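Read through the structure below, which is laid out as structure tokens, and then see the notes.
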Amino acid sequence: MRAFFKSPLCVTLALVLLGVFTQTLDAFDHVYWNVWFKNRAHAGAANVLIVSLDNGAPLNPAAIGASTARQAALIDRLDAAGSGAIFLDAPQTAGADAAGDAALKAALSRAGRRATLVLRSHVSPALKRSLPQVLRSHVSPALMRSVPQAMRFRGPAETPIAISAWDVNFLGYAERTDAGFAQGKAVIPAVAAVADRTQRGRHLYPDLRFDPRSVPVVDARAVLQGKVADRVIAGRQIFVTSTSTDNDMVLRYYGIGEVPAALVDIAGLQARGQGRAIELGWVPLLAMFAIAMVIGRDARGYRAKLAIYGGMVGLIAILPGVLRENALIIGVGPTLAAMLLYAPLRSLQKWRNRVQLTSSASGLPNIAAMAAAGITGAQDVVAVTISQYEQILATLPRELHGECARQIARRLALGAGDRPVFDNDNGYFVWLEETRTLDTLVEHLDGLRALFSVPLVIAGHVLDTTLHFGIDRNGDAKALCRIQSALGSANEAHAKGKLYEEFGEQRLAESPWELSLHARIDEGLRNGNIWLALQPQYDFRTHRISGAEALIRWTDPDRGAIPPDAFILQAERAGRIEAITYWVLEQSIEMLAQINRVSAPFQFSVNLSARMVDHPALVHRIADIVRASGLENCGLITFEVTETFSMANREQAKHNLAALRSMGFRLSIDDFGTGQAGLAYLAEIPSDEIKLDRRFIQPLTTDQRERLIVESVIGLAHAMGQVVVAEGIEDIVTLEALRRMGCDLAQGFHIGRPMRLADLIDVIAPRRGMAGQLERKII
């Protein structure tokens, strides 16, 4: 529903409705009708004649129209020439010449009902400013009513009276008139309704196709002087009026501009053949537009859309004008405004969608586009991650990054049967495969990897690539969830160095736990479910327990004991490993204070995640903890680090470790001899201690090669001033062998399992009698 309210069509309709009620769309109606009638103008009936009282000049007391006596003579002359109906503007100079007034009254009496007194209205600029614009109905734009002048001349009782009062738009263009106007108890008809007494419609609309310039105009003086032949007058409807455009009775006419008001009356008379006007309002055309836009939006194919949109534009351009010419009045302004608003809004939406559904670097569709297209249950989602993609981009100029992604996508598409490949940036790509057996799919992925055995060549740069795949085969899940699952599985395959990982049913069952791990870790730290275990370290030189390694443990009320491997990796991915490490450090400092009151000196070893070693804020944060805790001797804390140089910022990692050592902390190379922790590592890290991995210690007594390796490492470490810790000691034979080799510290189940602080204190406290028992066990 929210998407609908934000759609271009909904926004357009809302703006149009606002424009209707604030009357800001009148200009659209005006432009349409001005253009329509300008192109539809044609000459009207030939039975109309205008007799100008002022010959187009401003009316003044000296002019023929100012004298009621001369107007009387003019009526007699027109009547004698055999004119048809005579429409005489009611004189506004009545009372200035009593004899003339009487003569005019007598002339009208002689003409009988063929003569009609016209009470004209005016719309002055001052009136336009003072009158409020009132929305007279839901059909037409806001109109102003021109105001009839006061009747100063009283004609014979039998002489008809008509009113010329037109509603005008905001620019003074005539729109319509009422068929009759209430004057006390009487109803005076409009001029346009006088000739057709059957007209019963409330509103009368002029036939604006009629070109007022085709009406012949003669000067009243020429008529009185006999210069106008009787045949010109005979049988015609005569309008005796002012033709000057410099007075308040001027109206504006669509397609023409300013004209005498009598010409609009003539256009009203021309419309009587159209029948009664039916007002349809602006809603039907706007509704047609909205329906057409919905159909066009959902239509498939460029031609279908073009036909619908083009047809609607043509309909809007033609239908209102054709209907009006057949007495069906329909509002066009709101629909024109909607069309002009919808086009850019829709284009903006499509552009925004293209941006949102396209990778900014490569221009390829992204996973949002894939999710929007939908995934069927008969399709497997396959994701791939490119090893060392960031390093690949670092070697290329920025302008070639997109080309790199496109080349990878083309190879993947070629191997995937020309299926669309979606780019998730940073070396992640996703596509769909038809569901097949897992063995067949894996064989296919192995073939895809073989495609990349040939290096990429981009503008002279030769780049090797290695692929790791993630698979999601859970057809019942939502599209975006499946895509994310496949991407996560590709990450796991990369971390483990495997060809692929599948997001299977077991992983799906674990997803709620993994997705809520962030909150669960925070809760475990608060309520004590996550706690610190201490594994003792035995000092061969002093024959005492001189230290312990701080190991994090998690005992969940529902799942029981959770192995560290099950949550540490997830915590690193979720960005929670920093909080956990700092918490371990704080707890270790607090425990050290307690244990050193019992058996001093005593030191703790704390693991420092490889994800943190190159963090710029690491040293500052640890310094804050030291100050807050009041730790005086940082040498009681040893940070164990591994695989530091798998970090992107190698120099920052070395700087951080050197800074920690300068603060007094000891540094230990954990798991020496495995992974990255080799001789090169020993040469670069400013360490104090080497910790031999259990895989070298456990076969020590049975494998001569392993024994020689351990002896060599101990000798090398001592030569470099390093302390050697052996872990994984599970029997006294191994312990004695290490003692003879000169190892410094021992750690393992034979020494002691990880335990709580209180239990460790019980073990090492001299007064409690446990120290002797432990020493006898070790010896």
query: From ASP744, ASP731, ASP762, which residue is closer than 19 Å to VAL606 by Cα and either more than 60 Å from the chain's Cα centre (by Cα) or surrounded by fewer than 21 Cβ atoms within 10 Å (Cβ to Cβ) (or both)?
result: ASP744
field: Neighbours by Cβ (under 9 Å, 6+ apart or cross-chain): first from the stretch 748-763, within 17 Å of PRO564 (Cα to Cα); second open to solvent by 20 Å² or more (accessible area, probe 1.4 Å) and among the β-branched types (Val, Ile, Thr)
entry: MET755/VAL763
- request: Taking only the stretch 91-121 into account, find how many residues are without any contact (Cβ under 8 Å) to a residue 12 or more places away in the chain and open to solvent by less than 10 Å² (accessible area, probe 1.4 Å).
  value: 0
Number of positions in the stretch 114-124 that are outside any strand (DSSP E or B) and at pLDDT below 90: 2
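Would you check which residues across the stretch 156-198 are assigned to a loop (DSSP other than H, G, I, E, B), farther than 30 Å from LEU25 by Cβ and either touching an Asp or Glu at 6+ places or on another chain (Cβ under 6 Å) or modelled with pLDDT under 85 (or both) and list them? Steps first, answer last, please.
Within the stretch 156-198, the subset assigned to a loop (DSSP other than H, G, I, E, B) is 156-160, 165-166, 169-172, 179, 184-185, 195-198.
Next cut, farther than 30 Å from LEU25 by Cβ only: 156-160, 184-185, 195-198.
GLY184, LYS185, ALA195, ASP196, ARG197, THR198 - these are the residues of the stretch 156-198 that are assigned to a loop (DSSP other than H, G, I, E, B), farther than 30 Å from LEU25 by Cβ and either touching an Asp or Glu at 6+ places or on another chain (Cβ under 6 Å) or modelled with pLDDT under 85 (or both).
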message: Quick test of your reading of the structure: GLU258 fulfils all but one of (1) charged (D, E, K, R); (2) crowded, with 16+ Cβ neighbours inside 10 Å; (3) at pLDDT 85 or above. Name the failing condition by number.
response: (2)
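Can you pull out the residues in the stretch 239-294 that are touching a strand residue (DSSP E or B) at 6+ places or on another chain (Cβ under 8 Å), in a loop (DSSP other than H, G, I, E, B) and among the aliphatic types (A, V, I, L, M)? Quick ask: steps written out before the conclusion?
Quick first cut of the stretch 239-294, residues touching a strand residue (DSSP E or B) at 6+ places or on another chain (Cβ under 8 Å) only: 239-245, 247-254, 258-271, 277-282, 284-285.
Those still in the list that are in a loop (DSSP other than H, G, I, E, B) too: 242-245, 247-249, 254, 277, 282.
Result: MET249, ALA277.
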message: Return the pair list, or none, for Cβ contacts closer than 9 Å from residues in the stretch 149-177 that are of a type outside the set (D, E, K, R) and open to solvent by 10 Å² or more (accessible area, probe 1.4 Å) to residues that are assigned to a loop (DSSP other than H, G, I, E, B) and at pLDDT 90 or above, at least 6 apart or on different chains.
response: TYR173/TYR254
message: Consider the stretch 725-779. How many of its residues are outside any helix (DSSP H, G or I), at pLDDT 90 or above and not β-branched (Val, Ile, Thr)?
response: 19
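Looking only at the stretch 656-676, which residues are at pLDDT below 90 and within 47 Å of the chain's Cα centre (by Cα)?
If we filter the stretch 656-676 for residues that are at pLDDT below 90, which is where we start, we get 669-676.
Matches in the stretch 656-676: GLY675, GLN676.
Quick check on the stretch 381-400: of everything there that is open to solvent by 40 Å² or more (accessible area, probe 1.4 Å) and not in a loop (DSSP other than H, G, I, E, B), which residue is nearest to LEU480 (Cα to Cα)?
First pass over the stretch 381-400, keeping only residues open to solvent by 40 Å² or more (accessible area, probe 1.4 Å): 388, 390-391, 394-395, 397-399.
If we keep only those that are not in a loop (DSSP other than H, G, I, E, B) too, we end up with 390-391, 394-395, 398-399.
On the way: GLU390: 25, GLN391: 28, ALA394: 30, THR395: 32, ARG398: 30, GLU399: 30 Å.
That would be GLU390.
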- prompt: Say we look at the stretch 404-450 and pick out the residues that are under 18 Å from SER387 (Cβ atoms) and part of a strand (DSSP E or B); which of these is nearest to the chain's Cα centre (by Cα)?
  reply: ASP423
query: What number goes with the only condition from (1) under 14 Å from GLU175 (Cα atoms); (2) out of contact with any Asp or Glu (no Cβ under 6 Å at 6 or more places or on another chain) that VAL283 does not pass?
result: (1)
- request: With respect to VAL457, determine if the residue is part of a strand (DSSP E or B), modelled with pLDDT of 85 or more and open to solvent by less than 20 Å² (accessible area, probe 1.4 Å).
  value: no
- prompt: How many residues, within the stretch 205-248, are within 22 Å of PHE37 (Cα to Cα) and open to solvent by 40 Å² or more (accessible area, probe 1.4 Å)?
  reply: 5
- request: Could you please let me know if LEU631 is in a helix (DSSP H, G or I) and either more than 27 Å from ARG526 (Cβ to Cβ) or modelled with pLDDT under 95 (or both)?
  value: no
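With respect to ALA290, is the statement that it is over 30 Å from ALA368 (Cα atoms) and modelled with pLDDT of 90 or more true?
Numbers: over 30 Å from ALA368 (Cα atoms): no; modelled with pLDDT of 90 or more: yes.
Answer is no for this residue.
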query: Does the stretch 302-323 contain any residue that is assigned to a loop (DSSP other than H, G, I, E, B) and surrounded by fewer than 18 Cβ atoms within 10 Å (Cβ to Cβ)?
result: no
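Evaluate the following for GLU443: is it within 18 Å of ALA493 (Cα to Cα) and out of contact with any helix residue (DSSP H, G or I) (no Cβ under 8 Å at 6 or more places or on another chain)? Walk me through it before giving the result.
Working: within 18 Å of ALA493 (Cα to Cα): yes; out of contact with any helix residue (DSSP H, G or I) (no Cβ under 8 Å at 6 or more places or on another chain): yes.
So GLU443 fits the description; yes.
Could you please let me know if THR701 is at pLDDT below 90, in contact with a helix residue (DSSP H, G or I) (Cβ under 8 Å, 6 or more places away or on another chain) and under 27 Å from LEU585 (Cα atoms)? Let's see the steps before the verdict.
On the way: at pLDDT below 90: yes; in contact with a helix residue (DSSP H, G or I) (Cβ under 8 Å, 6 or more places away or on another chain): yes; under 27 Å from LEU585 (Cα atoms): no.
Against the criterion (at pLDDT below 90, in contact with a helix residue (DSSP H, G or I) (Cβ under 8 Å, 6 or more places away or on another chain) and under 27 Å from LEU585 (Cα atoms)), THR701 does not qualify.
Have a look at ALA372, ALA383 and point out the one that is more than 22 Å from HIS468 (Cβ to Cβ) and within 30 Å of the chain's Cα centre (by Cα). Break it down stepwise before answering.
Details: ALA383 fails: more than 22 Å from HIS468 (Cβ to Cβ).
Result: ALA372 is the single residue among ALA372, ALA383 that is more than 22 Å from HIS468 (Cβ to Cβ) and within 30 Å of the chain's Cα centre (by Cα).
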message: Please go through the stretch 683-711 and give me each residue that is touching a residue at least 12 places away in the same chain (Cβ under 8 Å) and assigned to a helix (DSSP H, G or I), ordered by number.
response: GLU684, ARG694, ARG695, PHE696, ILE697, ARG707, ILE709, VAL710, GLU711
message: Which residue is surrounded by the fewest Cβ atoms within 10 Å (Cβ to Cβ), if the candidates are limited to the stretch 413-430 and must be touching a strand residue (DSSP E or B) at 6+ places or on another chain (Cβ under 6 Å) and free of Cβ contacts under 8 Å to residues at least 60 places away in the same chain?
response: ARG419
query: Say we look at the stretch 567-595 and pick out the residues that are touching a strand residue (DSSP E or B) at 6+ places or on another chain (Cβ under 9 Å) and polar (S, T, N, Q); which of these is most open to solvent (accessible area, probe 1.4 Å)?
result: GLN587
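Name the helices (runs of 4 or more DSSP H) wholly within the stretch 1-90 that hold at least 1 residues that are open to solvent by 60 Å² or more (accessible area, probe 1.4 Å), at pLDDT 90 or above and within 23 Å of GLY112 (Cβ to Cβ)?
Because the criterion is at least 1 residues that are open to solvent by 60 Å² or more (accessible area, probe 1.4 Å), at pLDDT 90 or above and within 23 Å of GLY112 (Cβ to Cβ), the helices (runs of 4 or more DSSP H) in the stretch 1-90 that meet it are 68-80.
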task: State which residue pairs qualify: first residue without any contact (Cβ under 8 Å) to a residue 24 or more places away in the chain and inside the stretch 436-465, second residue open to solvent by less than 80 Å² (accessible area, probe 1.4 Å) in any location, beta carbons under 6 Å apart, and separation of 6 or more residues or different chains.
output: PRO455/LEU463; VAL462/PRO455; ASP464/PRO455
Residue match in the stretch 636-650 (condition: aliphatic (A, V, I, L, M), modelled with pLDDT of 85 or more and surrounded by fewer than 17 Cβ atoms within 10 Å (Cβ to Cβ)): no
message: Criterion first (of a type in the set (A, V, I, L, M, F, W, C), free of Cβ contacts under 8 Å to residues at least 60 places away in the same chain and open to solvent by less than 20 Å² (accessible area, probe 1.4 Å)) does ILE408 satisfy it?
response: yes
- prompt: Between a first residue in the stretch 278-298 that is more than 18 Å from PHE5 (Cα to Cα) and in contact (Cβ under 8 Å) with a residue 12 or more places away in the chain and a second residue that is open to solvent by 40 Å² or more (accessible area, probe 1.4 Å) and of a type in the set (Lys, Arg), which pairs have beta carbons less than 8 Å apart while being 6 or more apart in sequence or on different chains?
  reply: GLY296/LYS305
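The values are calculated or read from the model by the stated rules, or taken from the named source; none is laboratory data. Just so it is clear, the model here is predicted, and its values are computed rather than measured. Note that each Cβ is placed from the backbone with ideal geometry, even for glycine, and that neighbours are counted across all protein chains shown. With ligands, DNA and RNA removed, areas are computed over all heavy atoms of the protein, side chains included. Shrake-Rupley method; radii C 1.70, N 1.55, O 1.52, S 1.80 Å.
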